[in-house]
Amino acid sequence: MTGRALGCLPAKVLPSQPRLLGLSMMARRAPAVLDRSLITPGARMFGNDTLGDCTAVGLLNHMRAVAALGGWQVRADTDDAIRFYAESTGYRPGQPATDQGGVEVDVLAYAARIGVQLESGDYFPLWGSADPQDRNALALVMAGMGAVYLGVRLAQSDMNQIEATNGACVLVPDNSAYGDTTPGSAGGHCLLGWSYTGLADTDTLGLLTWGTIQKATWGWLKSRIMEAHGLVWPQLALASGLYPTGPDLDALRAQNAAFLNCDV
């Protein structure tokens, strides 16, 4: 079995936090299906088997997923993830008591301001939040920005089911055969929404977490989700037009600039 740690602290809202609502791309109807079965997103564990660094891991895996859609890959390793986790949350390597996890918007704010440092350079995301209960918005972010950066409250039943099957399962909201189904009874976790078979409660999602693709239903995500964010990495922009362009990109840049210029 593979070790799996958590580490996403309760969601919060920052002053002038960027939002995706109002962008023209968010007014569209999402694709009925997002099939990426022929694409390997390159998700890695990045230390999340022993550390609560999932907020950092989510950012690195988001970059790798976007690159994979373009047919290449971003080089990153566990040391990169741990370094960014330490910088963005206050974790001190070798001091287990400081491994307290991270708040997604604080981590995103740090990345936007200071950057994610890799051997190939420093990467600065533009980001904006979406309504976590707006399924069409979540699907649009997956389709238009490569993946959606999510914060979920995992139930103990979810962890038990994943452990019992080594991840070879489809998570559903009522998996009481595996224990307590109360959202958050196990803790908070950062993961990525990557693909989906449809948009109904019983249709399945592909979630990038713990170095693999975990399946879950939309109904499960509706029950467990606490926050959702879209990210654009300008350094990874693709000629294929994956990212928002024109007025949408300008608006997102303006929101991020205003956010960085306010006291957070």
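Here are the numbers:
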read-out	value
DSSP H segments from the chain that extend 20 Å or more along their own axis, Cα-based, with Kyte-Doolittle mean of 0.5 or above	54-69
Extension gain from A27 to T202, taking 0.36 nm per residue of separation minus the Cα-Cα distance	60.6 nm
Unit charges on C-beta of K, R, D, E only; dipole of the chain, Debye	380
Net length gained if the chain between T182 and T50 were fully extended (0.36 nm per residue, minus Cα distance)	45.1 nm
Backbone HN-Hα couplings from phi across region 176-181 [Karplus 6.51/-1.76/1.60, Hz, Gly and Pro as x]	5, 4, 9, x, 5, 9
Segment T212-S16, length gained on full extension (0.36 nm per residue, minus Cα span)	67.2 nm
Computed [θ] at 222 nm, helices only, for the chain once each DSSP H run of length n ≥ 4 contributes -39500 (n - 2.57)	-9500 deg cm²/dmol
Calculated diffusion of region 159-257, Stokes-Einstein form, Kirkwood radius summed over Cα pairs, 10 °C and 1.306 mPa s, µm²/s	101
Where labels lie 7 Å past Cα in the beta-carbon direction, separation of A257 and R92 in nm	3.9
Carbon/sulfur fraction of accessible area - the chain, other protein chains in place, 1.4 Å, %	52
Per-selection Kirkwood Rh - region 31-261 (Cα, Å, 1 d.p.)	17.8
Under 5 Å, built H, 5+ apart or other chain: amide partners of E227	G151
Pair A164, Q235: separation of 7 Å Cα→Cβ label points (nm)	4.4
Percent RCO, i.e. relative contact order, over the chain, from Cα pairs under 8 Å lying at least 6 residues apart	28
Rounded accessible area per residue of region 31-261, 1.4 Å, Å²	38
Cysteines in the chain that, by Cβ-Cβ distance, have no pairing candidate under 4.7 Å	C169, C262
Region 1-53: trypsin sites (Lys or Arg not before Pro) in DSSP loop, at most 14 other beta carbons within 10 Å	K12, R28, R29
Charge dipole (region 115-264, unit charges on Cβ, about Cα centre) - positive-most of Y243, G146, L171	L171
Region 243-264 versus region 144-206: alpha-carbon centroid distance in Å	31
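The values are calculated or read from the model by the stated rules, or taken from the named source; none is laboratory data. Worth saying up front: this structure is predicted, and the values here are computed from it rather than measured. When we count neighbours, we look across all protein chains shown, and the Cβ atoms used for this are built from the backbone with ideal geometry, even at glycine. The protein model used for the area step is the full one, side chains on, heavy atoms only, and it has no ligands, DNA or RNA in it. Shrake-Rupley method; radii C 1.70, N 1.55, O 1.52, S 1.80 Å.
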